[in-house]
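Structure first, commentary second.
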Amino acid sequence: MECILGKTINDIELGESASYSKTFTEEDVVAFAKISGDFNPVHLNEEYAKTTMFKSRIVHGALVSSLFSTVFAAQCPGYGCIYFRQDSKFIAPVYLNDTITATVKVIEIQLEKGRVIFDTIAKNQKGDTVVVGSATVYPRKEITINKSSNK
């Protein structure tokens, strides 16, 4: 399988953006609880969740925020980048079977430090904002391949 590396810092443009959408299912929430160890009943128990301000089960905030990682790794800047920092604010709950679109947008390119700052926003299928924040990403380094052969 060929790995197509992502962009270097010199390939990225101010204002560039990319998105990824996912519908969160029961299976996603249960799997994330097992992986993370977060078994809060607001995520797993409908009867309990009905007694909370959400009135129904919600998806883990960290699971929703993980969609930004997908955008960075697969699209902008792409494979080979290092996702260094994420600051997130959870604006609204995400419920089971909500479809969330995570979008990242380049707001600053720090050539001297080799990093890019992104605005991050996630919205549900109704267009309501559910997560906002910013992220710092190090795009892949330029790779020089020495093609000299030994004789």
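Nothing in this text is a laboratory measurement; each read-out follows from the coordinates by a stated rule. In this text the structure is predicted, and so the values were computed from the model without any measurement. We place every Cβ from the backbone using ideal geometry, glycine too, and count neighbours over all the protein chains shown.
Couple of notes before you dig in:
- Pairing each residue of the stretch 85-99 that is free of Cβ contacts under 8 Å to residues at least 60 places away in the same chain and charged (D, E, K, R) with any residue that is loosely packed, with under 14 Cβ neighbours inside 10 Å and in a strand (DSSP E or B), provided the two are 6+ apart or on different chains, yields no C-beta distance under 9 Å.
- The stretch 1-33, residues that are over 16 Å from Leu96 (Cβ atoms) and free of Cβ contacts under 8 Å to residues at least 40 places away in the same chain: Met1, Glu2
- For beta carbons closer than 8 Å, sequence separation of 6+ or different chains, a first residue in the stretch 45-58 that is closer than 15 Å to Ala33 by Cα and a second that is loosely packed, with under 11 Cβ neighbours inside 10 Å and basic (Lys, Arg), there are no qualifying pairs.
- Residue within the stretch 74-84 that is among the β-branched types (Val, Ile, Thr) and surrounded by 14 or more Cβ atoms within 10 Å (Cβ to Cβ) present: yes
- Arg115 vs. criteria buried (at least 17 other Cβ atoms within 10 Å of the Cβ), more than 22 Å from Val132 (Cβ to Cβ) and not aliphatic (A, V, I, L, M): no
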